[in-house]
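A.B. asks: Quick one: the structure is below, questions incoming.
Derivation of every value follows stated rules applied to the coordinates shown; laboratory data play no part. Since we're looking at a predicted model, the values are computed, not measured. Cβ sites come from the backbone with ideal geometry, for glycine too, and all protein chains shown count toward neighbours.
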Amino acid sequence: MHAGAALDLFATEQHEWGTTEIAEALALPKSSAHALLASLTEIGLLERTPDRRFRLGHKLLGFGETVLAESEIFNTMRDMLNELMQRLGRSVYLAVHDGQHVVYINRMQGPSSVPASLGSAGPTLPMHASAAGKILLANAPEAQVKRILDSRRLERLTRRTITSEGDLVAELKAVRQQGYALSEGEYVAELYCVAAPIHNRDTEVVAAIGIGATAADFEMNREKMVREVMRAAYLASREQGWRPSRTA
């Protein structure tokens, strides 16, 4: 149980941890944390940095490649993401919900100028401050959303980050109504993103597809980017077996 909890820590926005930090986060004696980290390092799940901290090991990359190779949504979306990136010339990504985290499963860097943060960001996104996170939260069951919000602080990442639970709930309601979500400098100050939901045949939202751009680029091309990401999400949902409901 402690091993899983320790690995979960590395899926947050902090990608390197020290022994003392792990011990405090897991409420373990430092000696126990040291033994746990040594075991995870020995089997390749973690590795030591030059300053004697820990990060995820290369063995996990092999697991990730295997999971992605078997992921239906990754395989069906790969060509569509590439086509979207080529058509818009901007960075695009596909993200899914994994526990309390939003995880990139594919990112493609377009030729247009975009903050390096999109290409170099870690494997996870903050739920409350990213367009993909808002999409996945807005379409999650109410009990699950409450559990996630109760378990974490809405950290201020930039001056535009939503840090009030009431404001976030109102934002999620708007996301459901309009069918897309925006992150306008809320995760990284100079990064603007729009994302839309991908549904499966049971109408569940299984992923979010998004586009990233600089603030100036996004403001000049907002309508086009929103339109294109919603179109891509619609086509991707059809690929997953979703069909729009018919109203009388």
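A.B. asks: What spacing in nm lies between the two simple spin-label points modelled at residue 147 and residue 174, each 7 Å away from Cα in the Cβ direction?
C.D. replies: About 2.8 nm, to one decimal.
A.B. asks: Something else: Test of understanding: what is the full-extension gain from residue 5 to residue 78, defined as 0.36 nm times their sequence separation minus their Cα-Cα distance?
C.D. replies: On the way: separation 73, 0.36 × 73 = 26.28 nm, distance 3.10 nm.
Difference between extended and current length: 23.2 nm.
A.B. asks: Still on this structure, I have one more. If amide H atoms are built 1.01 Å from N in the plane of the peptide, which residues on other chains or at least 5 residues away come under 5 Å of the amide H of residue 242?
C.D. replies: HN-HN under 5 Å from residue 242: 201.
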